[in-house]
Every structure is written in C-alpha cells, then in structure tokens.
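Report on the structure given below.
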Amino acid sequence: MESESRTSYFPNDPQAVLLKGRYGSYPGYNIQAGVDATNHMVVSAEVTNHANDWNELSANVESSTQETGSAPQIVLADKGYANISEIESVQNLKGVSQVVVPLQESEQQKKDRLNHLHFTYDKENDQVTCPKGKAMALKKADYVNRHGNHFRKYMAKKTHCDKCPLKDVCNNSSKTGRSYYISHNSFLESYKEQNLTKEFRRLQAERKNIVEHLFGTFRMWMGKIPLLLKGRLKVQTEIDIYATAYNFRRLINLESVTVMLAKLQNYRFA
C-alpha cells in the first residue's frame, strides 16, 4: 500500500479504490463519461481507479476526441473537475472554444457571496479594498494552498475589523484582521470573471440535461448491486455493455427501426 501511495486495500478487488458517496464510503471505480449535446449519445465511458475527478478533465476530453475524431467545441463538466490547470490545458486544445466548469467555493467565499461582500483589487497599486472601503496590505507575496496554487495574501488591520459593523459576517477571527487572496494565475482570475456571466450559468444548467440522464439510467439498470464483475478491465467491459445498450435505446428514439434497417442495407462495412 505504501509503495503504491494507497490508504485502503480491498482483498475481493485489489484494483478498486475507496469512493465517497451519498451514503458513506465504499470500494468501487470512477466512471468518466462523455456525452454529445445534440443526440445525447455516449461518446466515451472510461473506468478509472482514481478516487475523484480532480485530474480527469483532459483525459476525458482526449478519450472523446479519439472516439469522434475531433475535439468538442464546448466542454461542460461539474465542479468536481474544477482543477484550473486541467481547465487551462483543455481550453488550449485545438478546436475547443470554451470550457464550462463551475469553480469550487471555499466556505469563506460562499459566505461572502451570500452576504454580498465585495472586495476590489487595484492592480496598479497592488492593494485590496474591503467592502467598507478600508485598504488591505500585502501580508505574503507567495501563499500556497493545499492544491498547490499560488496566491498573494492581503490582510486588513485588526483595529479596523474590530470596529466594523460587518465583522460578524466578514471576519471570524478574534486575533487577526480579515484575509483576502489574489491568484498569481492570470487565467484563473479571468476564468472567475467568466463564471459570473449569464451565458456561463446557462451552460452549467444545460450540462445537467445532457449527462445526468445517463448516470441516472445506469443506476436504474444496475440496481442495488451496481457492478457484478471485479477488476478494472472486467468492470470496463461491464460499463461498455451498459453504454452500448444506452446508445441503442437512444438510436431507436431518434429514428425508426425501418429507417435504420434501410440504412444498414446500404452501409458499406469495412
């Protein structure tokens, strides 16, 4: 386990990983699926033994590109894929015009948004201004968070925060003033601005209509025991069968059987 950097091991299926679900943790596999927005057909369905989606976006897009022969023009994914390095990598791919992934909010960022607290950054003077107009000085030029992202850390004076009417909703610390972080990554800062647009939010909502039906259908077909096979390759075969069945169901809904049979008669198989 130590040599493989693992924290869990399952004798019945050594390749499985510990996943977090709605009802707790359990051994299993992570399914990465790509669905086209026009016909809602499964383009790719890859089984991985990675515990989450954090580093999976570029691999998912690459798999879909290999299957279709061209990169998707617009990539939609949920906040589990909100790794800014992965987002930037996919955004730079030839053929990709937009990547729509909602960024994850920290508890403090969510609290600021709900309480309508707006901080402004003056790039020319390298200064942050708090919601009450007080200047926040640079505290640390290179602060690194748990994901390895680099920020400039600014901090308000404690005396200002102690007297501020917004202290209860803005600053929980009784020892220091409020902190605020500006990313070194210019792409991240511009991407944050994109997250706030109406078109971005519209595309986020559209994603649910495209891919969530697939996972809901898979869960319904699988029943209480989702996977019957063990080992990543065997599980991949099982998922391939589900994906093929799903696509057949979609195809029958899109065109009648008579039309499909006529097309098959004229199709030149390799």
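The values are calculated or read from the model by the stated rules, or taken from the named source; none is laboratory data. Note that the structure is a prediction, hence the values are computed from the model and not measured. Using ideal geometry, Cβ is built from the backbone for each residue, glycine included, and neighbour counts are taken over all protein chains shown.
Conditions tested, residue by residue: (1) at pLDDT 95 or above; (2) in contact with a strand residue (DSSP E or B) (Cβ under 7 Å, 6 or more places away or on another chain); (3) of a type in the set (A, V, I, L, M); (4) under 29 Å from Lys198 (Cβ atoms).
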{"position": "Ser8", "(1), (2), (3), (4)": "no, yes, no, no"}
{"position": "Gly34", "(1), (2), (3), (4)": "yes, yes, no, yes"}
{"position": "Val43", "(1), (2), (3), (4)": "yes, yes, yes, yes"}
{"position": "Asn49", "(1), (2), (3), (4)": "no, yes, no, no"}
{"position": "Gln73", "(1), (2), (3), (4)": "yes, no, no, yes"}
{"position": "Lys94", "(1), (2), (3), (4)": "no, no, no, yes"}
{"position": "Gln98", "(1), (2), (3), (4)": "yes, yes, no, yes"}
{"position": "Lys110", "(1), (2), (3), (4)": "no, no, no, yes"}
{"position": "Arg113", "(1), (2), (3), (4)": "no, no, no, yes"}
Top-ranked residue of region 207-223 - restricted to ones that are exposed (fewer than 14 other Cβ atoms within 10 Å of the Cβ) and charged (D, E, K, R), ranked as farthest from Asp162 (Cα to Cα): Arg219
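Within region 146-164, count every residue that is part of a loop (DSSP other than H, G, I, E, B), on the phi < 0 side of the Ramachandran plot and either without any contact (Cβ under 8 Å) to a residue 24 or more places away in the chain or not assigned by TED's automatic domain parsing to the domain that holds Ile182 (or both).
Narrowing region 146-164 to residues part of a loop (DSSP other than H, G, I, E, B): 146-149, 156-157, 164.
Then drop every residue that is not on the phi < 0 side of the Ramachandran plot, which leaves 146-147, 149, 156-157, 164.
The next check asks that each one be either without any contact (Cβ under 8 Å) to a residue 24 or more places away in the chain or not assigned by TED's automatic domain parsing to the domain that holds Ile182 (or both); those that pass are 146, 157.
Qualifying residue count, region 146-164: 2.
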Single condition Leu228 does not satisfy, out of (1) at pLDDT 90 or above; (2) part of a helix (DSSP H, G or I); (3) of a type outside the set (Asp, Glu): (2)
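Matching residues to (1) more than 30 Å from Tyr181 (Cα to Cα); (2) surrounded by 19 or more Cβ atoms within 10 Å (Cβ to Cβ); (3) not assigned by TED's automatic domain parsing to the domain that holds Ile182:
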{"residue": "Tyr23", "(1), (2), (3)": "yes, no, yes"}
{"residue": "Glu62", "(1), (2), (3)": "yes, no, yes"}
{"residue": "Ser70", "(1), (2), (3)": "yes, no, yes"}
{"residue": "Asn83", "(1), (2), (3)": "no, yes, yes"}
{"residue": "Glu86", "(1), (2), (3)": "no, yes, yes"}
{"residue": "Leu93", "(1), (2), (3)": "no, no, yes"}
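When only residues in region 119-140 that are closer than 11 Å to Tyr180 by Cα and either outside the structural domain of Val169 (by TED's automatic domain parsing) or not aliphatic (A, V, I, L, M) (or both) count, which is surrounded by the most Cβ atoms within 10 Å (Cβ to Cβ)?
The qualifying residue surrounded by the most Cβ atoms within 10 Å (Cβ to Cβ) is Cys130.
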